[in-house]
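A short write-up of the structure that comes next.
The values are calculated or read from the model by the stated rules, or taken from the named source; none is laboratory data. Computed from a prediction, not measured in an experiment: that's the story for all the values here. We place every Cβ from the backbone using ideal geometry, glycine too, and count neighbours over all the protein chains shown.
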Amino acid sequence: MTIKVFGHKSPDTDSTGSPIIWAWYLNEIRKTPAEAKLLGTPNTEALFVLKHWGFAQPDIISDVSADDSCVVVDTNNVAELPASINDANVVEIIDHHMLQGGLTTRRPISVTIRPLACTATVMFDLMAGDAEKMPDPIKGIMLSCILSDTLEFRSPTTTDHDRAVAEKLAADLGVSIADHAAEMFAAKSDISAFSDTELLRMDSKEYTVGGTKFRVSVLETTSPATVLARKDALMAAMGPVAKQDNVDQVLLFIVDILNEQSTLLVPNDLVKSVAEKSFGVQVSGDSVVLPGVVSRKKQIIPRLAV
């Protein structure tokens, strides 16, 4: 049976690239048939990375069944996985997020969750000496995953090890980290083809805080003004998206990569209260700037309060 390798819904570069990396490892090193899959359409940066390194977009699946064997990467949160994930045969989990709970398995499995900035870095370590066998396109997509998740080492989630692995991969490939990251971030910043609803869901995760369910969305960009030009329309779309997704509120953080800060849109009193309680700011309009806040995992989710 061919193992399905996939990450979370709303796939970013890491959740698009890491299934490809691990499927290569399973096929070529472990000699276990495997295929990379996606749970949604990749964002623009991930699509650029796929094209840049010569990969076809993996097939998108809507669910899994009891007949499927799966490796879950870049998440362990059942809310970000197929509805029937606990019916499937999950054989391995590789992640770098906090343990959420809720996943069940048929037998003991290998679970690797490490405090690193990127799932691809965890995979590099798990491969050990076999990492040297990666062909250039696999090394390239691994490098791209690390640069994306660390925002080219700007994110506070970045560890010395993430940087060292990225620098080794770039040296092997003869690639300039600064140049490649700039191309990736430019691709990520092009939102012209997406509707307001799509932007709110593009890079988002669901979290419950004090009984209030949030869709926490981020848009990482080198051109925040382009996103803010659509502020009114984005805020108008939050209500319908929240209703359709069965959450109480959408929180949208526009991450300014170059200036290392976020702007949170404030459409109502609930978000105003969340902003003030969570980040110690005073909100006087329909947005608030949060200096130094760039990481949803380390700086946003842990601080959310209602």
When residues of region 59-75 are filtered for being in contact with a helix residue (DSSP H, G or I) (Cβ under 8 Å, 6 or more places away or on another chain) and assigned to a loop (DSSP other than H, G, I, E, B), how many remain? 5
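Which residue is modelled with the lowest pLDDT, if the candidates are limited to region 38-50 and must be over 21 Å from ASP179 (Cβ atoms) and surrounded by 20 or more Cβ atoms within 10 Å (Cβ to Cβ)?
Taking region 38-50 and keeping what is over 21 Å from ASP179 (Cβ atoms), we get 38-42.
In the following step, the residues that additionally are surrounded by 20 or more Cβ atoms within 10 Å (Cβ to Cβ) were identified as 38-39, 42.
Numbers: LEU38: 98, LEU39: 97, PRO42: 94.
Among residues in region 38-50 that are over 21 Å from ASP179 (Cβ atoms) and surrounded by 20 or more Cβ atoms within 10 Å (Cβ to Cβ), the one modelled with the lowest pLDDT is PRO42.
Every residue, every condition in (1) in a strand (DSSP E or B); (2) within 22 Å of THR150 (Cβ to Cβ); (3) among the acidic types (Asp, Glu), yes or no:
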residue: ASP14; (1), (2), (3): no, yes, yes
residue: TRP22; (1), (2), (3): no, yes, no
residue: TYR25; (1), (2), (3): no, yes, no
residue: LEU50; (1), (2), (3): no, yes, no
residue: GLN57; (1), (2), (3): no, no, no
Can you list residue pairs whose Cβ atoms sit under 7 Å apart, with the first residue in region 167-179 being farther than 14 Å from PRO135 by Cα and the second being surrounded by 11 or more Cβ atoms within 10 Å (Cβ to Cβ) and of a type in the set (Gly, Ala, Ser)? Count only pairs 6 or more apart in sequence or on different chains. ILE177/ALA166; ILE177/ALA170
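Just for region 142-165: of the residues that are aliphatic (A, V, I, L, M) and touching a residue at least 24 places away in the same chain (Cβ under 8 Å), which one is surrounded by the fewest Cβ atoms within 10 Å (Cβ to Cβ)? Explain how you work it out, then say what you get.
Keep residues of region 142-165 that are aliphatic (A, V, I, L, M), which gives 142-143, 146-147, 151, 164-165.
Narrowing further to those that are touching a residue at least 24 places away in the same chain (Cβ under 8 Å): 142-143, 146-147, 151, 165.
Working: MET142: 30, LEU143: 26, ILE146: 30, LEU147: 27, LEU151: 21, VAL165: 24.
Applying the filter and picking the extreme gives LEU151.
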Select from region 27-48 the residues that are in contact (Cβ under 8 Å) with a residue 40 or more places away in the chain and outside any helix (DSSP H, G or I) and write down the one among them that is farthest from THR150 (Cα to Cα). ILE29
Among (1) touching a residue at least 24 places away in the same chain (Cβ under 8 Å); (2) not in a helix (DSSP H, G or I) - the single one VAL283 does not satisfy: (1)
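For region 236-261, which residues satisfy the criterion of being in contact with an Asp or Glu (Cβ under 7 Å, 6 or more places away or on another chain) and either β-branched (Val, Ile, Thr) or closer than 21 Å to VAL281 by Cα (or both)?
In the first step, residues of region 236-261 are kept if they are in contact with an Asp or Glu (Cβ under 7 Å, 6 or more places away or on another chain); the result is 237, 242, 247, 255, 257.
Matches in region 236-261: VAL247, VAL255, ILE257.
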Looking at (1) under 30 Å from ALA236 (Cβ atoms); (2) part of a helix (DSSP H, G or I); (3) among the hydrophobic types (A, V, I, L, M, F, W, C), which is the one condition that is false for VAL218? (2)
Name the residues in region 249-275 that are closer than 20 Å to PRO302 by Cβ and within 22 Å of the chain's Cα centre (by Cα), would you? GLN249, VAL250, LEU251, LEU252, PHE253, ILE254, VAL255, GLU260, GLN261, SER262, THR263, LEU264
Filter region 65-91 down to the residues that are under 24 Å from THR159 (Cα atoms) and not hydrophobic (A, V, I, L, M, F, W, C) and list them by number. ASP74, THR75, ASN76, ASN77
Can you tell me which residue in region 70-100 is farthest from LEU143 (Cα to Cα), limited to those that are surrounded by fewer than 19 Cβ atoms within 10 Å (Cβ to Cβ) and in contact with a Lys or Arg (Cβ under 7 Å, 6 or more places away or on another chain)? ASN89
Quick one: LEU26 ticks every box in (1) surrounded by fewer than 17 Cβ atoms within 10 Å (Cβ to Cβ); (2) more than 26 Å from ILE177 (Cβ to Cβ) bar one, so which box is it? (1)
If we keep only residues of region 76-89 that are assigned to a loop (DSSP other than H, G, I, E, B) and either of a type in the set (Lys, Arg) or in contact with a strand residue (DSSP E or B) (Cβ under 6 Å, 6 or more places away or on another chain) (or both), then the residue nearest to THR2 (Cα to Cα) is ALA88
Among the candidates LYS188, LYS139, LYS168, residue that is basic (Lys, Arg), assigned to a helix (DSSP H, G or I) and crowded, with 23+ Cβ neighbours inside 10 Å: LYS188
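Residue by residue, here is whether (1) touching a residue at least 60 places away in the same chain (Cβ under 8 Å); (2) in the same structural domain as LEU151 (by TED's automatic domain parsing); (3) assigned to a helix (DSSP H, G or I); (4) surrounded by fewer than 22 Cβ atoms within 10 Å (Cβ to Cβ) holds:
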site	(1), (2), (3), (4)
LEU252	no, no, no, no
LEU258	no, no, no, yes
LEU264	no, no, no, no
LEU270	no, no, yes, yes
Only listed residue being touching a Pro at 6+ places or on another chain (Cβ under 9 Å) and not assigned by TED's automatic domain parsing to the domain that holds THR16, chosen from GLY210, GLY285, GLY239: GLY239
